[in-house]
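Worksheet: the structure to be examined is printed underneath.
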Amino acid sequence: MNKPAGTHESYAARFVSEIFPERYKRGALHGERYTSADFFAREWENVWTKVWLVIARTAEIPEAGDFVVEDIGPESILVVRQEDGGIRAFYNVCQHRGNRLVQPAEGSMPSFTCDYHSWTWGIDGSLVSVQDEGDFSEGSPCGTVRLEEMKCEVFAGFFFVNMDKDGISLKDYLGPIWDRWQVYPVENMTRVQALTVSLPSNWKALHDNFSEVYHFATVHAPYLDYLEDDFRDISCEIFDQGHTVMHMKGGLPSAHYLDSDLPPISEQLGAELRRWDLDPADFTDRPTETRLALQRQKRTLGPARGHTHYEKMSDSQLTDSHHYTIFPNFSAGMLADGILFHRLRPHATDPNQSYYDVFYYASGDDAFSSMSTAAGGGLAEAEREYVAFGEKSLGALLDGDVGTMATQQKGLRSRGYRGGVLADQEYRLAFYHHMIDRYMAGYRPGKP
Ligand code: FES
Ligand SMILES: [Fe+2]
């Protein structure tokens with residue numbers, strides 16, 4: 001099995017050596033995890049309300065009063081830039097009689113007035129004015145009632161919220177990822193693609209998919225000309241809070257691809273080589289050397305071409321895909337010049353549905369990477385689009401990932417499904433389910 005390159009925490013190490021083979025290799029992932037309303041309700045109480053959840057980028061709300069609203073399961077979360085430059089997050093609910101306070105997904109307001117009886121809330125969550133203030137014989141609620149707040153902290157230009165008031169800090173929650181991401185110029189990136197797709201599947205089904213590459217040879221065959229998917233050549237790390245990272249070599253044809261009759265240097269890889277002043281013809285007889293050649297060229301030419309962040313990156317970070325999953329619903333493909341951001345959000349009530357947010361963040365003016373799905377050229381900030389499953393292509397790579405969601409969800413509803421048989425290389429996925437099981441059993445981050 002492709003054992004972790006390094007497990008940083010003792011619990012994660014024990015998972016790989018003992019817990020995975022004993023408890024998760026066969027029969028642990030029953031369909032009810034994805035289909036049962038009871039499981040869904042317990043998962044909401046024990047996982048979603050106890051963890052840090054990524055919401056958006058600080059750059060999206062630069063001025064006081066700028067806000068974003070994101071729905072996660074049954075909750076709607078309102079995040080607002082404050083007068084002092086800070087950011088606060090609130091449950092998006094009016095404390096008078098429970099009307100949802102803010103309807104638009106984003107905007108800018110000096111205060112928030114409820115549509116029902118016009119109670120007006122300041123951007124800091126205080127109650128500013130109420131209708132018929134003299135009709136409250138116990139005294140005006142202004143100054144005593146506030147919007148209900150949740151924790152909000154910033155990492156790498158993204159703000160995260162946590163509904164658990166006793167939760168650990170975001171830095172402690174992220175562990176080694178906090179430092180790892182410092183080399184990526186996240187704060188200077190532009191969101192060049194932003195789609196939200198309604199999925200006919202449980203949120204975990206697609207997150208599972210992002211936790212393994214076993215599906216690559218089947219559904220991503222065209223990308224094997226650029227990424228090594230051989231399980232013997234992939235390394236993963238897993239961290240105590242449920243986060244993981246998988247390192248996949250890029251900038252070279254995979255062993256699977258070289259077994260085919262296709263030309264060893266594909267059009268896509270050839271274009272990348274030319275972009276870095278290399279001649280694809282020089283590699284026809286030694287195609288696996290393209291990765292090192294690209295690393296050398298990027299190291300030499302990159303900073304002068306504006307990729308100054310390359311100076312802080314390892315050789316591997318210049319060509320490879322470092323795919324992080326941040327528990328429970330965020331994953332990010334960290335590339336040399338961009339991030340493929342994937343987030344799953346549960347439906348408000350139905351375990352058989354969810355929402356998939358796929359954003360592509362790019363840096364530099366030639367940020368198009370042959371590993372990305374973004375259309376090349378130009379770095380305009382993309383408007384977020386909301387689309388139904390199958391309504392719009394997400395690009396060849398992600399269409400492969402999303403394509404099986406409807407049929408897999410149907411299969412998971414079958415009483416004939418026996419709960420899974422996992423390959424060794426799927427332990428990263430199993431670790432993620434194990435963390436859900438631990439939370440369901442009462443585990444809380446930072447607590448003994
Ligand atoms: S519910 Fe909001 S003002 Fe009445
Ligand atoms: Fe995939």
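Couple of notes before you dig in:
- Applying the set (1) open to solvent by 30 Å² or more (accessible area, probe 1.4 Å); (2) within 21 Å of the chain's Cα centre (by Cα) to ASP38 leaves exactly one unmet item: (2).
- Filter pass, SER198 being assigned by TED's automatic domain parsing to the domain that holds GLY403, at pLDDT 95 or above, closer than 28 Å to VAL47 by Cβ and surrounded by fewer than 18 Cβ atoms within 10 Å (Cβ to Cβ): yes
- Of the set (1) open to solvent by less than 20 Å² (accessible area, probe 1.4 Å); (2) more than 13 Å from ligand 2 (Cβ to nearest atom), all apply to HIS220 but (2).
- Looking across GLU22, GLU18, GLU70, one residue alone is touching a Ser or Thr at 6+ places or on another chain (Cβ under 8 Å) and either within 16 Å of ligand 2 (Cβ to nearest atom) or not in a loop (DSSP other than H, G, I, E, B) (or both). It is GLU70.
- Hits in the range 123-171 - residues which are over 21 Å from PHE67 (Cα atoms), acidic (Asp, Glu) and not in a loop (DSSP other than H, G, I, E, B): GLU133, ASP135
- One residue stands out in the range 105-123 among those that are over 32 Å from the mean Cα position of the chain (by Cα) and open to solvent by 70 Å² or more (accessible area, probe 1.4 Å): the one that is nearest to ligand 1 (Cβ to nearest atom), namely TYR116.
- Single match in ARG274, ARG232 (criterion: open to solvent by 10 Å² or more (accessible area, probe 1.4 Å), among the basic types (Lys, Arg) and either outside the structural domain of GLU32 (by TED's automatic domain parsing) or at pLDDT 95 or above (or both)): ARG274
- Residue, farthest from ligand 1 (Cβ to nearest atom), within the range 363-393, restricted to residues that are modelled with pLDDT under 90 and aliphatic (A, V, I, L, M): MET371
The values are calculated or read from the model by the stated rules, or taken from the named source; none is laboratory data. The shown structure was predicted, so the numbers you read here are calculated from the model rather than taken from an experiment. All Cβ positions, even for glycine, are placed from backbone atoms using ideal geometry, and neighbour counts span all protein chains on display. Only protein heavy atoms, including side chains, enter the accessible area calculation; ligands, DNA and RNA are left aside. Shrake-Rupley method; radii C 1.70, N 1.55, O 1.52, S 1.80 Å.
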